[in-house]
Structures are given as structure tokens and as C-alpha cells.
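Student: Quick one: the structure is below, and I'll ask about it shortly.
The values are calculated or read from the model by the stated rules, or taken from the named source; none is laboratory data. Computed from a predicted structure; not experimentally measured. Quick reminder, even Gly has a Cβ in these numbers, built from the backbone with ideal geometry, and neighbours come from all protein chains shown.
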Amino acid sequence: MQFNLQNLFNQKPAGPTQSDSLLGQMPQETGPSIKDLIAPPGMKINSNYLQIGGKMARTLFIFTYPRYLVTNWFSPVLALDREINISMFVHPVETTWIMGQLRKKVAQVQAQISERQEKGQVRDPMLETALQDIETLRDNLQQGNEKFFKFGLYLTIFADNQKELDDIENEIRSLLEGKLVYIKPASFQQEQGFLSTLPLAKDDLAIHTSMNTGPISSCFPFVSVNLSDNKGILYGINRHNNSLIIFDRFSLENANSCVFAKSGSGKSYAVKLEVLRSMMMGTEVIIIDPENEYQYLTETVGGTFTKISLNSPNHLNPFDLPVPPKGEKPGDVLRSTIINLVGLLRIMLGGLTPEEDAVLDRAISETYASRDITPDSDFSKITPPLLSDLQTILKNMEGGSSLATRLERFTTGSYAGLFNQQTNIELKNKLVTFSIRDMEEELRPIAMYIVLHYIWNIIRSELKKRILVVDEAWVMMRHEDAASFLFGIAKRCRKYYLGMTTITQDVGDFMTSPYGKPIVTNSSLQILLRQSPATIDIIQKTFNLTDQEKYLLLECSVGEGIFFAGLQHAAIKVIASYTEDQIITSDPRQILEIERAKEELVAEEEIKIPNS
């Protein structure tokens, strides 16, 4: 496709130049010229098409436009998977001349309105609208806000036969007539039309429509964002122009991402696809999975799937201390861990008074000291204390007996198996998933906090390119300390080469938290899929969406939405290959079919073995 402007390359030298005269004196070569090599074998000119070699071409022109033109109205034609040449010619008109013509037109319209009034006829809305439009245009031209032009828009379509040519014309006609834009073939002017759509800046067809600056600007075809990068992973298809959205989240100021969508809109599907493709690029991934949605993906790629529950053999000790990373002192790591432990205990004990807060802070420090762990210790050679050690310290402290009693269910009670054991898990795989589906509902925020604390310790101790996925993040946002910890990771993870992905379907709970919006603003990558009417206003206000984008999120299909990357955003459709789809699908029907196919395959193998 070509985009031509009349005032580019339209001047020719008035006479022969020096080079021309020199060429005239040179002996002519006897072989074929460049023209002979690139020219088609022949051309047949018909009334409504051309035949150029084995191809047929037909030039169309737009002859009628509606009163209003919206931006990007021409993009459906540009997005067609067809061979089309498009030329736009813009011929400036002198403002003084057009002002004179508009003055005459105003006089004519006013005379017609007066004549109808004198005859007692009903007013004509078309005449009044025309008068209003002309006066508005005169004002804009006089003030220099706009200019006036003669505008020609031509399309040459190509096909292998006349039927295909007619089909393409009808396809373009139906696209444009839906916007009240009408086209015609250039009958008996196909040669001039064909030349006008070649990149020669020659307007031989000369079929123009009078337009001012505003309508012409809406015809400009390249208005959609192109989010294709030389590196990164494929997120989906750009619905504006059918280009690929290929992006590297680590190229932004931070690699954090937020995914918001209603249940069943494809948010987990999109994230699993990103996880799978990121691993192919060498990125390690850690996932907190509240519903076992990532189990099949994890097992398929040979990852580690760890279940965290009261009956699970897997344990995490909240008192673990990471090896201090380069540039950090052991004392800083110890203080940070103590602060995070106080936040965890607030959630576990259902809140603390300021006095209890101070007692706990001192008790945790003494608990570490009881194991000879001080700010000067070597954390790679220590055995961290347990929750029962803290309970023992509290029993012997003034003001701590009540807290010790409240901790009993986590140390010797029904929850002791989970919270009062040394850690027996290692993160030594490209993909590690922590499942908390079997955890009791009231313990889920505590489990997510402990898992996140453990993951954060590992991330700080070893620098690697990683992605951390926190699914159903709204569970943590209901508790201020958990939300604060999540926000702390979002704010600090950049320097540890980590990108955190938060996923939620409950936008209300997430955004009403004082840490909800800061987490969003600290995420350079944001994906909004189909939204519920109950939450769309919150989404529109948070992301500063236009009304068109708001309605797009309400009406789009599964896997469709808006992709934000920094200041750029585009409508996206998430697309997976067949193999990827089989690995990442969350559709229960597909999962049952996959399981049934596996069972049939196993049964066939069992039948073959005895026969052999």
C-alpha cells in the first residue's frame, strides 16, 4: 500500500539538464533496458478493470462521505488481507478564494430559508443545518484554526480473475457503507486510476471532495500503536491492525504486571501463556496458586508443584533468614525479617494493640538471640528458631502471657503442623508452584504471606531473572499487613531482577485497599480483559479509560481486552497454538477431554502389552 501526498515529488525541471545532454551524447546500449525488464508482458484496458500480465486490477474512488467522520474509520480497509494500492491526494485551496465561495453559499441558503418563511412553509432542518455548518467553517477558516483542501482517495485492488475482483470490491464496499462512505469503480478511467495509485505522486484521476482539516485528519490511516519489539515474548494479536504484540516486560522501568478481569474472561489463560513463553526465553517463574490451576502446566514442563496445607508434608518456617545479598548487611536483613514477622503475627492473632506490638517486636529479637543469631552472625550457618521458641519467650516476658496463649493453636494446637516446623522445601527448578487450594479459608492469607516471605528471602539471596505470579491477590489485599508486604515487594523487586504479576477478579476489594492503587501504579505492564458492569467504573477511573475503551471491556470476548505497556496501549486478543492450548487451558470441558484421551491411551497400551 502507498500513502501519497500531492505536494511531494511533484516538481520537474523546466528543461534539459547537463546530465541529460551528456547522456544524449553517449552511445546507446543494444541490450534490454530497465523498463523492458520490469514491464509486464502486456496490458489490456477494459471499462472497469485492467489486465496486467496475469493479474487483474480495478481502481475505486470514494465519492460520498457522511456529515461526521470518526478517527480511524479507514483502518478496516487497511487491515484486509488483500493486495491493495491506496493513494490519498491533498490539494490545498486558497483561503481567500474559498471564503468568497462560502459567502455566496451563505447568501443562497439564507435566501432559500427566507423564501420558505414568506410562503409560510414548514422550516427545513437540512437548510438550517447547512447554514450552521457553513458559518462554523467560515469562523474556523477566518481564525486560522483550519485550512481547506480538495481531497481524493483512490484504491486499486488486485486479483487473479474477475470474480475474485468483484468479491474484493463487494467486501470493501460493505465495510465502508457501514460507515456511510460510498465508493464507485472509475469506469472508462481505469488507466488513469491505476497510474494515480502508483507511487508517482500523479493525480491523473482527479476526482475530489472538498474537505477542511478535521475530516481529512480522520482519514490518516496509521493511528494504531504498534507494540512489536525485537525481543520479548508474544502476548497476542493487536486488534487494531492485526500486528503481533511482542514485548519484553523487563525493558520497562519495572517488570511488574497487573491482570484484571471477571471470572471466566481468560486471565489465568493469558498468564499461563506468558509463563510458558517466558520460560522458553530462560526466565524462572514462581507461582502462588490458590485453585490448583497451574498444576498441569507445572507437571508438563517438569516443574515443582508444592502443596501447602495442614496435612501436607511440606513446611515453611516464617523465622527463616536469607543469606544477605551483595550490598546488604546481616543486621539490615534481620531487622527487615523482624518487621515482616510482626506483620504476619498481626494477621495470625487477629490484630494487635500498640503495647502488644512493642512486646512482640522485643520478643522476636530475643527469640533470635536465644539461638545465638545477632546482626553479626553468618546466616548461612544458623538454624532459625520456631514459633514455639517465640511462645516460650513470651511466657516469660512481662505483658506477653496473653500473646503466648493466643499462639498456642499455631504451636501445639491444630495448626502446629504447618507453622511450627523447619523448612523442608527448596526452590531449585525453572518453574515452582505453591498450591494453597487445600488450605482452610481463614488460613489462606497467612499461608500466602508465609509463602511470599519465603520466596522473597530466596529472591534476595540470589540474583536471577524471575517472574513471581500472585493469583487471586485480593485475598491478601483484605489484610493491611499482607497488602503492605505485597506492595513492598512490588516496589523493591526491580533491583532483584524480578517482575511480579498480580492477578485478581475482585477489583473492588483490590482497589479499596490503600495499597491497591499503588501496586497498580508500580506495574508498568497492565492487562485488562472483559470486565463486569459492577466494577467497570472503578476500572475506568483507575486506568483513565475513554468511553470507547470502557465499552470495549464490557463487550469483548474471552481472551480479549486492552494491553498497557508504559504509555502505550492497544486492544489485544490472546492467541495460543494448539499445543500451548492443551497445556494451559482452564476450560473444564477441554480438561475432561484431555483426561479421557489419556485414559484411552493408557488402556490401549495395557491391551498391547499382553498381546505382545
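Student: Just to verify a result, which residue in the range 378-392, among those that are within 25 Å of T353 (Cα to Cα) and not charged (D, E, K, R), is surrounded by the fewest Cβ atoms within 10 Å (Cβ to Cβ)? Break it down stepwise before answering.
Tutor: Step one: filter the range 378-392 for residues within 25 Å of T353 (Cα to Cα), giving 385-392.
From what is left, the residues that are not charged (D, E, K, R) are 385-388, 390-392.
On the way: P385: 21, L386: 20, L387: 22, S388: 18, L390: 28, Q391: 22, T392: 16.
My answer is T392.
Student: Does the range 85-102 hold any residues that are touching a residue at least 12 places away in the same chain (Cβ under 8 Å) and either among the β-branched types (V, I, T) or farther than 30 Å from I157 by Cβ (or both), and which are they? Quick ask: steps written out before the conclusion?
Tutor: Of the range 85-102, the ones touching a residue at least 12 places away in the same chain (Cβ under 8 Å) are 85-93, 95, 98-99, 102.
Answer for the range 85-102, where residues must be touching a residue at least 12 places away in the same chain (Cβ under 8 Å) and either among the β-branched types (V, I, T) or farther than 30 Å from I157 by Cβ (or both): I86, V90, V93, T95, I98, M99, L102.
Student: Pull up the range 399-418, narrow it to residues that are part of a helix (DSSP H, G or I), farther than 16 Å from T353 by Cβ and small (G, A, S), then point me to the one that is modelled with the lowest pLDDT.
Tutor: Going residue by residue through the range 399-418, those that are part of a helix (DSSP H, G or I) are 401-406, 408-411, 416-418.
Filter once more, so that each one left must be farther than 16 Å from T353 by Cβ: 408-411, 416-418.
Restricting the remaining residues to those that are small (G, A, S) gives 416-417.
Numbers: A416: 77, G417: 73.
Residue satisfying both the conditions and the ranking: G417.
Student: Regarding I246, is this residue in contact (Cβ under 8 Å) with a residue 12 or more places away in the chain, of a type outside the set (S, T, N, Q) and surrounded by 19 or more Cβ atoms within 10 Å (Cβ to Cβ)? Reasoning before the result, please.
Tutor: Details: in contact (Cβ under 8 Å) with a residue 12 or more places away in the chain: yes; of a type outside the set (S, T, N, Q): yes; surrounded by 19 or more Cβ atoms within 10 Å (Cβ to Cβ): no.
In short, no.
Student: Still on this model: Suppose we filter L137, L60, L153 for residues that are surrounded by 15 or more Cβ atoms within 10 Å (Cβ to Cβ) and either without any contact (Cβ under 8 Å) to a residue 60 or more places away in the chain or not assigned by TED's automatic domain parsing to the domain that holds L198 (or both); which single one remains? Give the derivation first.
Tutor: On the way: L60 fails: either without any contact (Cβ under 8 Å) to a residue 60 or more places away in the chain or not assigned by TED's automatic domain parsing to the domain that holds L198 (or both); L153 fails: either without any contact (Cβ under 8 Å) to a residue 60 or more places away in the chain or not assigned by TED's automatic domain parsing to the domain that holds L198 (or both).
Going through L137, L60, L153 in turn, just one is surrounded by 15 or more Cβ atoms within 10 Å (Cβ to Cβ) and either without any contact (Cβ under 8 Å) to a residue 60 or more places away in the chain or not assigned by TED's automatic domain parsing to the domain that holds L198 (or both): L137.
Student: Of the conditions (1) without any contact (Cβ under 8 Å) to a residue 40 or more places away in the chain; (2) within 22 Å of L334 (Cβ to Cβ); (3) aromatic (F, W, Y), Y515 satisfies every one except a single condition; which number is it?
Tutor: So the condition that Y515 fails would be (2).
Student: Ok, one more. Which ones in the range 498-545 are among the β-branched types (V, I, T) and over 23 Å from I287 (Cα atoms)?
Tutor: The answer is T512, T535, I536, I538, I539, T542.
Student: Does L334 satisfy the criteria of being in a loop (DSSP other than H, G, I, E, B), of a type in the set (A, V, I, L, M) and over 38 Å from the mean Cα position of the chain (by Cα)?
Tutor: Numbers: in a loop (DSSP other than H, G, I, E, B): no; of a type in the set (A, V, I, L, M): yes; over 38 Å from the mean Cα position of the chain (by Cα): yes.
So L334 fails the test.
For (1) in contact (Cβ under 8 Å) with a residue 60 or more places away in the chain; (2) closer than 21 Å to P221 by Cα; (3) touching a His at 6+ places or on another chain (Cβ under 7 Å), each residue gets a yes or a no:
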site: N46; (1), (2), (3): yes, no, no
site: Q51; (1), (2), (3): no, no, no
site: K55; (1), (2), (3): yes, no, no
site: Y65; (1), (2), (3): yes, yes, no
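Student: Give the number of residues within the range 547-567 that are at pLDDT 85 or above and not in a helix (DSSP H, G or I).
Tutor: 10
Student: Here is a further query. What are the residues in the range 575-605 that are under 18 Å from Y294 (Cα atoms), modelled with pLDDT of 75 or more and of a type in the set (V, I, T), if any?
Tutor: Within the range 575-605, T579, I583, I584, T585 qualify.
Student: State all residues of the range 449-481 that are closer than 17 Å to C258 by Cβ and either free of Cβ contacts under 8 Å to residues at least 40 places away in the same chain or of a type in the set (A, V, I, L, M, F, W, C) (or both); if no residue qualifies, say none. Please lay out each step first, then the result.
Tutor: So the first thing to find is which residues in the range 449-481 are closer than 17 Å to C258 by Cβ, and the list is 452, 467-477.
Selection gives L452, I467, L468, V469, V470, A473, W474, V475, M476, M477.
Student: Determine, yes or no, whether T585 is among the β-branched types (V, I, T), under 30 Å from L227 (Cα atoms) and surrounded by fewer than 13 Cβ atoms within 10 Å (Cβ to Cβ).
Tutor: Details: among the β-branched types (V, I, T): yes; under 30 Å from L227 (Cα atoms): yes; surrounded by fewer than 13 Cβ atoms within 10 Å (Cβ to Cβ): no.
In short, no.
Student: Is there a residue being surrounded by fewer than 20 Cβ atoms within 10 Å (Cβ to Cβ), among the basic types (K, R) and at negative phi anywhere in the range 466-477? Step through it out loud before you land on a result.
Tutor: Going through the range 466-477, the residues surrounded by fewer than 20 Cβ atoms within 10 Å (Cβ to Cβ) turn out to be none.
No, the range 466-477 contains no residue that is surrounded by fewer than 20 Cβ atoms within 10 Å (Cβ to Cβ), among the basic types (K, R) and at negative phi.
Student: Loosely packed, with under 12 Cβ neighbours inside 10 Å, over 40 Å from the mean Cα position of the chain (by Cα), more than 30 Å from A57 (Cβ to Cβ) and not hydrophobic (A, V, I, L, M, F, W, C): which single residue out of E115, E128 fits that description? Break it down into steps so the answer makes sense when it comes.
Tutor: Numbers: E128 fails: loosely packed, with under 12 Cβ neighbours inside 10 Å.
From the options E115, E128, the qualifying one is E115.
One line per residue, one yes/no per condition, for (1) more than 30 Å from S75 (Cβ to Cβ); (2) in a helix (DSSP H, G or I); (3) touching a residue at least 60 places away in the same chain (Cβ under 8 Å):
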residue: A255; (1), (2), (3): yes, no, yes
residue: V259; (1), (2), (3): no, no, yes
residue: G282; (1), (2), (3): yes, no, yes
residue: L297; (1), (2), (3): yes, yes, yes
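Student: Test each condition in (1) farther than 29 Å from A447 by Cα; (2) touching a strand residue (DSSP E or B) at 6+ places or on another chain (Cβ under 8 Å) for I519 and report the one that comes out false.
Tutor: Of the numbered conditions (1) farther than 29 Å from A447 by Cα; (2) touching a strand residue (DSSP E or B) at 6+ places or on another chain (Cβ under 8 Å), the odd one out for I519 is (1).
Student: Are there helices (runs of 4 or more DSSP H) fully within the range 96-205 with at least 2 residues that are at negative phi and hydroxyl-bearing (S, T, Y)? List them.
Tutor: Values: elements: 125-142, 162-177, 190-196.
Answer list for the range 96-205: 125-142.
Student: Out of (1) in contact (Cβ under 8 Å) with a residue 24 or more places away in the chain; (2) more than 15 Å from T502 (Cβ to Cβ); (3) not acidic (D, E), what's the single condition that is false for L528?
Tutor: Status for L528: all satisfied but (2).
Student: What is the residue count in the range 510-534 for residues that are part of a helix (DSSP H, G or I) and surrounded by 17 or more Cβ atoms within 10 Å (Cβ to Cβ)?
Tutor: Kept after step one, since they are part of a helix (DSSP H, G or I), are these residues of the range 510-534: 510-512, 516-521.
In the following step, the residues that additionally are surrounded by 17 or more Cβ atoms within 10 Å (Cβ to Cβ) were identified as 510-511, 516, 519-520.
Matching residues across the range 510-534 total 5.
Conditions tested, residue by residue: (1) assigned to a helix (DSSP H, G or I); (2) crowded, with 17+ Cβ neighbours inside 10 Å; (3) modelled with pLDDT under 85.
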{"site": "A358", "(1), (2), (3)": "yes, no, no"}
{"site": "D376", "(1), (2), (3)": "no, no, yes"}
{"site": "L394", "(1), (2), (3)": "yes, yes, no"}
{"site": "K428", "(1), (2), (3)": "no, no, yes"}
{"site": "L443", "(1), (2), (3)": "yes, yes, yes"}
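Student: Let me ask something else. Check L352, L341 and return the single one that is closer than 17 Å to N317 by Cβ and either aliphatic (A, V, I, L, M) or surrounded by 20 or more Cβ atoms within 10 Å (Cβ to Cβ) (or both).
Tutor: So the residue among L352, L341 that is closer than 17 Å to N317 by Cβ and either aliphatic (A, V, I, L, M) or surrounded by 20 or more Cβ atoms within 10 Å (Cβ to Cβ) (or both) is L341.
Student: Could you go through the range 178-196 and let me know if any residue there is surrounded by fewer than 21 Cβ atoms within 10 Å (Cβ to Cβ), of a type in the set (K, R), touching a residue at least 60 places away in the same chain (Cβ under 8 Å) and closer than 30 Å to D133 by Cα.
Tutor: Within the range 178-196 (the criterion being surrounded by fewer than 21 Cβ atoms within 10 Å (Cβ to Cβ), of a type in the set (K, R), touching a residue at least 60 places away in the same chain (Cβ under 8 Å) and closer than 30 Å to D133 by Cα), the answer is yes, since at least one residue qualifies.
Student: Give me the pairs, please: first residue somewhere in the range 375-395 and farther than 15 Å from Q422 by Cα, second residue anywhere and surrounded by 14 or more Cβ atoms within 10 Å (Cβ to Cβ) and among the polar types (S, T, N, Q), beta-carbon distance under 7 Å, and either six or more positions apart or on two chains.
Tutor: Here the result reads Q391/T411; I393/T367, each pair linking the range 375-395 to a residue that is surrounded by 14 or more Cβ atoms within 10 Å (Cβ to Cβ) and among the polar types (S, T, N, Q).
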